[in-house]
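Some notes on the structure that comes next.
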Amino acid sequence: MTSGFDILHGLRRHKIVGGELFLTTVDFFVDWGRKSSIWPLTFGLACCAIEMMASFASKFDFDRMGVFPRPTPRQADLLIISGTVVKKMAPAVERLYQEMPSPRFVVSMGACSNCGGPYYDSYSVAKGVDKIIPVDVYIPGCPPRPEALYTAVQTLQEKIDAYWDAGKQILKPVPPSEEALKKINEAAISARGS
Amino acid sequence: MFPVNLVIEISQRIHRVTLPGEKPNYVRDPESFLTVLPSNLHDVCLALREFPDYLFDLPLQMTAVDFINEKVFELVYYLYSSKLRQGIIVKTQVPRTAPEIESVSDIWPGMDWQEREVYDLFGVKFRNHPNLKRIMMWEGFSGHPLRKDYVHQTDKYDSGLEIGTPGLDERGVPIP
Ligand code: SF4
């Protein structure tokens, strides 16, 4: 009978007869679910959106990290600002952000949405999407490659971890006593009828 | 009325395309433009579409150029005939102080939005246009940004350090 930590921190794994037993806390579990299913809004603004679309397609396949574009802001956790935020579009971007349920995250992708980029001196381009909504991760580049967006998603996952760790003391899972494990094992054996 | 002396000139300015599939070859040559008076523009355009020798049925594009030193806006119309495979460029000039010209959107409905764009960005007024309002800039925007004397008013989306901001040099440093 062995017990030890999984590679995921905070997840305790116990081998019992007929399988394994995982113990964790609700906080950790919710946190883990949140960072493994970051659903972005299907929303592109300019040329950076082409790179974002490539990221979702089969070659880069962000679905393997649980990043899966959703058609409505009501179901989205992440707003990827992929392109030039023009002043005419800015109220709509702000509104999309307000329509997303909390907790919500924003990734600013590319020079344009970071600071205006090549259109800094234009009369019609907002000088950065952070003039209207808070941003969690900035990606430099014009356009950033899908690998950079991948890094942004990883950074966001680390940030989600950090948000909840910082907010409250996470209860570490207490290992079950030897007696409790014995009882569980007996129950498992009798359930198998052997 | 269509000015008769223009007929010869038009025939000299037309870019003929002989090979099928070839696009009209516009050259940057003053001889390749047909320049008309603004008061004649509508009649000339009507003739260019209707006369069997011209049949310019496809308005490719129209735009404007701001010649601030000459104090004129030059309006440029690119036309093409899909039946006769020939092209022509028509130019006219309106004064900057009162830029106004007859709309050709009744001749080519495709010119409707092109004229709205020129109105939006240059402030040229088109008479008898069915729906002359801004098309690119948002409602409540003031000014015509592609005019060379346009001064940008900083708003809440700007950082206030752009080139051309009053009181700042091009590095964004306040001018003493
Ligand atoms: S950062 Fe570059 S690639 Fe991205 S939207 Fe701006 S101009 Fe296009």
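Since every read-out is calculated from the coordinates, none of them should be taken as a lab result. None of the values given here were measured: they were computed from a predicted structure. Note: ideal-geometry Cβ built from the backbone for every residue, glycine included; neighbour counts use all protein chains shown.
Couple of notes before you dig in:
- Across chain A, counting alpha-carbon atoms alone, Rg and Dmax equal 21.9, 78 Å.
- Adding -39500 (n - 2.57) for every DSSP H run of four residues or longer, then dividing by how many residues chain A holds, sets the calculated 222 nm ellipticity at -11500 deg cm²/dmol.
- Remark: B:92, B:154, B:97 ranked as B:97, B:154, B:92, counting other beta-carbon atoms within 10 Å and listing the fewest first.
- Nitroxide proxy distance, nm - points 7 Å out along Cα→Cβ at residue B:33 and residue B:9: 1.3 nm
- Listed residues A:163, A:150, A:97, most fluctuating in chain A (Gaussian network, C-alpha, under 10 Å): A:163
- Spatially proximal lysines relative to residue A:35 (Cα-Cα < 21 Å; intrachain offsets below 8 disregarded): A:159, A:168, A:172
- Between A:36, A:113, A:58, the Gaussian network model of chain A with springs among Cα atoms under 10 angstrom shows the greatest mean-square fluctuation at A:58.
- FRET E, pair residue B:63, residue A:159, Förster distance 51 Å, beta-carbon r, rounded to 0.05: 0.60
- 3J(HN,Hα) along the stretch B:134-147, derived from phi through the Karplus expression 6.51 cos²θ - 1.76 cosθ + 1.60 where θ = phi - 60°, amounts to 4, 10, 8, 6, 7, 4, x, 6, 10, x, 10, x, 8, 5 Hz, with x in place of Gly and Pro.
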